[in-house]
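Engineer: This is the structure, below, for whatever I ask next.
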Amino acid sequence: MERQSGGGLGAVQRLGAPLSQAKLRIDGIAKRYGPVVALEPVSLEVRTGELMTILGPSGSGKTTLLQVICGLVEPDGGRLFIDGHDRTAMPVHQRDIGLVFQNYALFPHLTVGENIGFPLKMRGRPAAEVRERVAAALAMVQLGHLAARFPRELSGGQQQRVALARCFVYQPAIILMDEPLGALDRQLREHMQIEIKKLHRETGATIVYVTHDQEEALALSDRICLMNHARIEQVGTPQEIYAHPRTTFTASFIGTSTLLRGVVEGDALVTPLGRFALPEGRLAGAAALVIRPEHLRLGAGENTIEGVVSETVYAGAETRLLFDLADGTTAVLRLPTGMAAPEIGTAVQAHWATDAAVLVPL
Amino acid sequence: MRRLGPALYALPGLAFLAVFFLYPVVQLLALSLRNEGTGEFTLQHFEHALGTEVYVRVLGITFTIALQTTLGALLLGYPLAHWLARLPDGRRGWFVMLVMIPFWTSYLVKTFAWMITLDQNGVMNRLLLGGGIIDAPLEVLHGRIGVMIGMVHAMLPLAVLTMLPVMIGTDRHLPRAAGTLGAPPGQVFWRVHFHLSLPGVAAAGLLVFITSLGFFITPALLGGPKDTMLAQLVISQVTEMMNWSFAGALAVMMLAAALVTTWVYDRLFGLSTVSGQASGAPRRGQDALRAVGIAILSGLAAVQVAIGAVMQRLVGRRVLGWLLPAHAAVVLLFLGAPTLVVIPMGFTDSNFLGFPPPGYSLRWFAVYFGSELWLGATVRSFVVAFGTACLAVVLGGFAALALARSESRWRGAMFALFLAPMIVPRIVVALGLFYLFAQMGLVATEAGLVLGHTVLALPFTFVTVAAVLKGYDWRLDQAAATLGATRAKVLLQITIPLLKGGLVAAFLFAFITSFDDLTVALFVSGGVTTTLPKQMWDDMILQLNPTLAAVSVVVFVLVTALLVTAERFRKPAG
Ligand SMILES: Nc1ncnc2c1ncn2[C@@H]1O[C@H](COP(=O)(O)OP(=O)(O)OP(=O)(O)O)[C@@H](O)[C@H]1O
Ligand SMILES: [Mg+2]
């Protein structure tokens, strides 16, 4: 990703016209807090109208990236383009970016209606229009009856919807959301995910959505930007990232998988467990094979591993079998529905089709 | 500019303090080191002060009284604060109010109360004689005992209110934990409560000592010639002798004492405790002291456990349990009673301040409200207090706002500067301002009074606003900015409304500070610009009269009302 932003884009800038339909372009943005590197220079493009999630473990720099985008934090270096215009130095309040905070940040001294009307008032809209649009926004999140209440008189889910309404009401071109559902229970979270998808579809806004929950990212995103240790690991559609992880971090952070580590020799990966045929893609040196649970089958085949069953995990729609390999790693496979799980402690064999595995560097 | 951001808000306050606080104090220092005639550098004024027996004696008396007052206030105040800290939050508020009211009651009213209480024919002697406890009236007024009673009474609320937040902060969970670890109650007190409250005790000691150093009202009115303190000397040198350089030298000595005490304190505990925060990490230099301190504490603990065991056998556990509340009740009575004595005196129908009043009437209130002099002084005090409150809230509020978010390495220094007027004795500030205002033509003007009082009130507004800001959610400001609010709109529509309670409280505290002040008024007001405290002081020195009692009642009621309002607003919003 980082190498993508070479001199070519500088030329585009000089022409003054946006090259692609990129709504937001981050070009080598970096940020340190004293000795802590919160963001290595990162580059990223968000397309108009897409919902991109920024996914990563705690402390990976997600919030920092969002804050740089909306202008609450000044980057140490790099530039930020919105619709092709350099906005790196533009003050927060002029950016036309909406931000939904993790704990909503509703104004406690204003009613729900006044909270939602706030951004319109700041833009000097006439009172009649404010009233109309606030009512529409409240209706959109199904809270029309609560306009006169104060935020502290609402439940967590209702507060969250007010925060969404306050953000959507002034139709900012870009909406940033920082773990907006983090404080809600699972059921409400799934319900709100659907609402956010609906709002996204209805308004056509460009949304950057931060989460550390991979299921949420898979469920919501058009594309996922995976972050780790202040860097971007990989960007792609959920399917791409799931099917073609480029690093072991991606492979283990999104979904579960079996990792077989070894060294590439010719057209095989040599591991303590044996030689395995390589799928497409050329790599040299230390590498690992990533095999998703649904691609592992019980029994011997093209590429076979052996282990001892350590656990079976029943997860409703499917049952997963965990078994320990000779080198200490744990392999995971999905049992076909209706098949009885082998007892814990029994020795099993599993195999996969060569092209179902992905080769990643170590 | 953008990076400086929030720190800019502190600039007006910093500039104000530089001109009306730092500069006058430095000028005073320069004055004290100069020969008036030739203008050359000289140490003659200090040599004169330290080489003349009278002055050395006054210095000695000043330090002795300040030390004794500190000890007295800490010893009486500690158990009260400890008792208050352990009350449930809801009930504590009311009892703290009983300390807050005497704290903010004007020193003049308090001293006046003691004058009529301790007088030969005063309340105390009447009660003791009437009860047959003594045969002849006690002579406490115009002696050291009178001064000590007045001083300890005046400083006790400051001591308690400084210790209390630290105790509340640390008391909550720790002692219970210590109890479950198997420590007996005596041990728990000394090793946990007392140990953790030490920063608060030290802060209280510091503030009481420094305030006492610069005191003149109480020794002048309750003491005799042998109880003259340094501040009285400074006043007479300026107002009677016009000897600026020598007065400057005396003030500089007082300032030096205050600064040295503060410096030692800062080394040991860190200045932040003064503003009511429990200090966090241990400070440099604390390690060596720590070992000694812990050894002493364990000794004390052992002694107390032993005494406790004996006492429990002698008087029983129940009586011991009442000891603390009983002490608290007595001290609260000591704090409140003298002022309560003034109230019936204000309603006397006699020409004299005898107790009990032979009959009741409103005649002295009529005198007060009919006197152009008194009413004029009252109105002037109101106007000045209002101006002071406005200015101090704006300057202090913005400064607190700036420093709450600043990560500048100057933050600590700026914090100290805004607290400094609390640490420099008032008389020093007043003297410096008098000299400055004389050059600027601001003596005997309302503007001069407002500026001077703002210097005194700034630390209070700064600390009050800083306290409410500690619980402030800055993301609300960020949210408003992302929603399109400019900086000014964020401030006006989000920050200020949310801080309203703290701002109102700060306003009222500043108002009372100005309304009660005598020190600055003594120099800066006068003639046609007399303030109410100045008018009271002039009357009290000349002749006690029932009008003073009536005025005291008015002042007391007013200040109490303002204070109760301030307290109600202080709770953070939302
Ligand atoms: N104001 C700050 N001062 C100092 N360090 C900071 C500050 N804000 C963030 N950091 C550090 O920068 C790094 C990235 O923080 P950031 O908040 O962007 O992480 P995050 O990915 O949002 O994490 P989480 O999922 O926990 O919210 C962390 O190591 C954090 O400690
Ligand atoms: Mg975060």
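Engineer: Go through segment A:149-189 and report how many residues are surrounded by 23 or more Cβ atoms within 10 Å (Cβ to Cβ), within 16 Å of ligand 1 (Cβ to nearest atom) and either in a loop (DSSP other than H, G, I, E, B) or over 17 Å from the mean Cα position of the chain (by Cα) (or both).
Structural biologist: The total comes to 2.
Engineer: Also: Does any residue of segment B:509-531 turn out to be surrounded by fewer than 21 Cβ atoms within 10 Å (Cβ to Cβ), touching a residue at least 24 places away in the same chain (Cβ under 8 Å) and hydroxyl-bearing (Ser, Thr, Tyr)?
Structural biologist: Taking every residue of segment B:509-531 in turn, at least one turns out to be surrounded by fewer than 21 Cβ atoms within 10 Å (Cβ to Cβ), touching a residue at least 24 places away in the same chain (Cβ under 8 Å) and hydroxyl-bearing (Ser, Thr, Tyr).
Engineer: Still on this structure, I have one more. Take the residues of segment A:174-189 that are touching a Leu at 6+ places or on another chain (Cβ under 9 Å) and more than 16 Å from ligand 2 (Cβ to nearest atom): which is modelled with the lowest pLDDT?
Structural biologist: My answer is A:Leu188.
Engineer: Within the set of pairs 6+ apart or on separate chains, which have a first residue in segment B:98-109 that is open to solvent by 10 Å² or more (accessible area, probe 1.4 Å), a second that is part of a loop (DSSP other than H, G, I, E, B), and C-beta atoms under 8 Å apart?
Structural biologist: Between residues of segment B:98-109 that are open to solvent by 10 Å² or more (accessible area, probe 1.4 Å) and residues that are part of a loop (DSSP other than H, G, I, E, B), the close pairs are B:Tyr107/B:Leu518.
Engineer: For segment A:64-85, name all the residues that are in contact with an Asp or Glu (Cβ under 6 Å, 6 or more places away or on another chain) and within 23 Å of A:Cys167 (Cα to Cα).
Structural biologist: Result: A:Leu66, single match.
Engineer: Turning to a different aspect of this structure: Scan segment B:116-156 for residues that are in a loop (DSSP other than H, G, I, E, B) and either within 19 Å of B:Leu335 (Cα to Cα) or not assigned by TED's automatic domain parsing to the domain that holds B:Gly336 (or both) and jot them down.
Structural biologist: Hits for segment B:116-156 are B:Asp119, B:Gly122, B:Val140, B:Leu141.
Engineer: Of all residues in segment A:13-43, which are out of contact with any Ser or Thr (no Cβ under 9 Å at 6 or more places or on another chain) and modelled with pLDDT of 90 or more?
Structural biologist: Answer for segment A:13-43, where residues must be out of contact with any Ser or Thr (no Cβ under 9 Å at 6 or more places or on another chain) and modelled with pLDDT of 90 or more: A:Ala30, A:Arg32, A:Pro35, A:Val36, A:Val37, A:Glu40, A:Pro41, A:Val42.
Engineer: Across segment A:215-225, which residue is farthest from the other protein chains (Cβ to nearest Cβ) among those that are within 16 Å of ligand 1 (Cβ to nearest atom) and not aliphatic (A, V, I, L, M)?
Structural biologist: By that ranking, first place goes to A:Glu215.
Engineer: Please work out if A:Phe81 is open to solvent by less than 20 Å² (accessible area, probe 1.4 Å) and within 11 Å of chain B (Cβ to nearest Cβ).
Structural biologist: No; evaluated as a whole, the condition is false for this residue.
Engineer: Also, quick follow-up: Residues of segment A:88-140 being of a type in the set (Gly, Ala, Ser) and in contact with a helix residue (DSSP H, G or I) (Cβ under 8 Å, 6 or more places away or on another chain), which ones?
Structural biologist: A:Gly98, A:Ala105, A:Gly113, A:Gly117, A:Ala135, A:Ala137
Engineer: Out of everything in segment A:196-214 that is within 16 Å of ligand 2 (Cβ to nearest atom) and part of a loop (DSSP other than H, G, I, E, B), what residue ends up being nearest to the other protein chains (Cβ to nearest Cβ)?
Structural biologist: A:His212
Engineer: Continuing with this model, one more query. Can you find even one residue in segment B:364-381 that is hydrophobic (A, V, I, L, M, F, W, C) and in contact with a Lys or Arg (Cβ under 8 Å, 6 or more places away or on another chain)? Reasoning before the result, please.
Structural biologist: Start the filter on segment B:364-381 by keeping residues that are hydrophobic (A, V, I, L, M, F, W, C), which leaves B:364-367, B:369, B:373-375, B:377, B:379.
Checking which are in contact with a Lys or Arg (Cβ under 8 Å, 6 or more places away or on another chain) leaves us with B:377.
Yes, because at least one residue in segment B:364-381 is hydrophobic (A, V, I, L, M, F, W, C) and in contact with a Lys or Arg (Cβ under 8 Å, 6 or more places away or on another chain).
Engineer: Here's a follow-up. Open to solvent by less than 70 Å² (accessible area, probe 1.4 Å), among the charged types (D, E, K, R) and without any contact (Cβ under 8 Å) to a residue 60 or more places away in the chain, is that true of A:Glu294? Spell out how you get there, then give the answer.
Structural biologist: On the way: open to solvent by less than 70 Å² (accessible area, probe 1.4 Å): yes; among the charged types (D, E, K, R): yes; without any contact (Cβ under 8 Å) to a residue 60 or more places away in the chain: yes.
The answer is yes for A:Glu294.
Engineer: Among the residues of segment B:40-67, which ones are open to solvent by 40 Å² or more (accessible area, probe 1.4 Å), more than 30 Å from B:Val152 (Cα to Cα) and not acidic (Asp, Glu)?
Structural biologist: Residues satisfying the conditions are B:Phe41, B:Leu43, B:Gln44, B:His48, B:Gly51.
Engineer: Among the residues of segment B:401-408, are any closer than 30 Å to B:Ala467 by Cβ, part of a loop (DSSP other than H, G, I, E, B) and open to solvent by 30 Å² or more (accessible area, probe 1.4 Å)? Reasoning before the result, please.
Structural biologist: So in segment B:401-408, the residues closer than 30 Å to B:Ala467 by Cβ come out as B:401-408.
Within this subset, residues satisfying the condition of being part of a loop (DSSP other than H, G, I, E, B) are B:406-408.
From what's left, open to solvent by 30 Å² or more (accessible area, probe 1.4 Å): B:407-408.
Yes: segment B:401-408 contains one or more residues that are closer than 30 Å to B:Ala467 by Cβ, part of a loop (DSSP other than H, G, I, E, B) and open to solvent by 30 Å² or more (accessible area, probe 1.4 Å).
Engineer: Of everything in segment A:120-142, what is without any contact (Cβ under 8 Å) to a residue 24 or more places away in the chain and either at the interface with chain B (Cβ under 9 Å from one of its Cβ atoms) or in a loop (DSSP other than H, G, I, E, B) (or both)? Give them in sequence order.
Structural biologist: Within segment A:120-142, A:Lys121, A:Gly124, A:Arg125, A:Pro126, A:Gln142 meet the criteria.
Engineer: Give all pairs with beta carbons closer than 7 Å in which a residue from segment A:14-35 that is within 14 Å of chain B (Cβ to nearest Cβ) and away from ligand 2 (no atom under 16 Å from the Cβ) meets a residue that is modelled with pLDDT of 50 or more and open to solvent by 60 Å² or more (accessible area, probe 1.4 Å); count only pairs at least 6 apart in sequence or on separate chains.
Structural biologist: A:Arg32/A:Asp76
Engineer: Then there's this: Could you say whether any residue in segment A:58-65 is over 30 Å from A:Ile241 (Cα atoms) and either within 16 Å of ligand 2 (Cβ to nearest atom) or at pLDDT below 90 (or both)?
Structural biologist: no
Engineer: Within segment A:94-119, work out how many residues are at the interface with another protein chain (Cβ under 7 Å from one of its Cβ atoms) and more than 20 Å from A:Ile207 (Cβ to Cβ).
Structural biologist: Of the residues in segment A:94-119, 4 are at the interface with another protein chain (Cβ under 7 Å from one of its Cβ atoms) and more than 20 Å from A:Ile207 (Cβ to Cβ).
Engineer: Return yes or no: is B:Phe437 open to solvent by 10 Å² or more (accessible area, probe 1.4 Å), away from chain A (no Cβ under 14 Å) and aromatic (Phe, Trp, Tyr)?
Structural biologist: So B:Phe437 fails the test.
Engineer: Mind listing just one residue for me: the one in segment A:226-248 that is more than 14 Å from the chain's Cα centre (by Cα) and within 16 Å of ligand 1 (Cβ to nearest atom) and, of those, surrounded by the most Cβ atoms within 10 Å (Cβ to Cβ)?
Structural biologist: That would be A:Ala230.
Engineer: Does at least one position in segment A:92-104 carry a residue that is open to solvent by 20 Å² or more (accessible area, probe 1.4 Å), within 16 Å of ligand 2 (Cβ to nearest atom), closer than 13 Å to B:Ala479 by Cα and not acidic (Asp, Glu)?
Structural biologist: yes
Engineer: Going by the structure shown, is B:Gly90 closer than 30 Å to B:Pro325 by Cα, assigned to a helix (DSSP H, G or I) and open to solvent by less than 40 Å² (accessible area, probe 1.4 Å)?
Structural biologist: Working: closer than 30 Å to B:Pro325 by Cα: yes; assigned to a helix (DSSP H, G or I): yes; open to solvent by less than 40 Å² (accessible area, probe 1.4 Å): no.
Here the answer is no, as B:Gly90 does not meet what is asked.
Engineer: Here is a list: B:Phe209, B:Phe215. Which entry is open to solvent by 10 Å² or more (accessible area, probe 1.4 Å), at pLDDT 90 or above and closer than 20 Å to B:His153 by Cα?
Structural biologist: B:Phe209
Engineer: Please find, among B:Phe352, B:Phe382, B:Phe369, B:Phe365, the residue that is of a type in the set (Phe, Trp, Tyr) and free of Cβ contacts under 8 Å to residues at least 12 places away in the same chain.
Structural biologist: Details: B:Phe352 fails: free of Cβ contacts under 8 Å to residues at least 12 places away in the same chain; B:Phe382 fails: free of Cβ contacts under 8 Å to residues at least 12 places away in the same chain; B:Phe365 fails: free of Cβ contacts under 8 Å to residues at least 12 places away in the same chain.
That would be B:Phe369, the only listed residue that is of a type in the set (Phe, Trp, Tyr) and free of Cβ contacts under 8 Å to residues at least 12 places away in the same chain.
Engineer: Tell me the helices (runs of 4 or more DSSP H) entirely within segment B:440-529 that contain at least 1 residues that are modelled with pLDDT of 90 or more, within 14 Å of chain A (Cβ to nearest Cβ) and more than 25 Å from the chain's Cα centre (by Cα).
Structural biologist: In segment B:440-529, B:475-482, B:487-490, B:496-516 are the helices (runs of 4 or more DSSP H) which contain 1 or more residues that are modelled with pLDDT of 90 or more, within 14 Å of chain A (Cβ to nearest Cβ) and more than 25 Å from the chain's Cα centre (by Cα).
Engineer: Pick from segment A:283-312 the residues that are hydroxyl-bearing (Ser, Thr, Tyr) and farther than 18 Å from A:Leu269 by Cβ: which of them is farthest from the chain's Cα centre (by Cα)?
Structural biologist: Initially, segment A:283-312 is screened for residues hydroxyl-bearing (Ser, Thr, Tyr), giving A:304, A:310, A:312.
Applying the additional criterion that residues be farther than 18 Å from A:Leu269 by Cβ yields A:310, A:312.
Numbers: A:Ser310: 31, A:Thr312: 29 Å.
So, considering only residues that are hydroxyl-bearing (Ser, Thr, Tyr) and farther than 18 Å from A:Leu269 by Cβ, the one farthest from the chain's Cα centre (by Cα) is A:Ser310.
The values are calculated or read from the model by the stated rules, or taken from the named source; none is laboratory data. Note that the structure is predicted; figures quoted are calculated from it, not measured. Every residue, glycine as well, gets a Cβ built from its backbone with ideal geometry; the counts of neighbours run over all protein chains shown. Note: areas computed on protein heavy atoms with side chains; ligands, DNA, RNA excluded. Shrake-Rupley method; radii C 1.70, N 1.55, O 1.52, S 1.80 Å.
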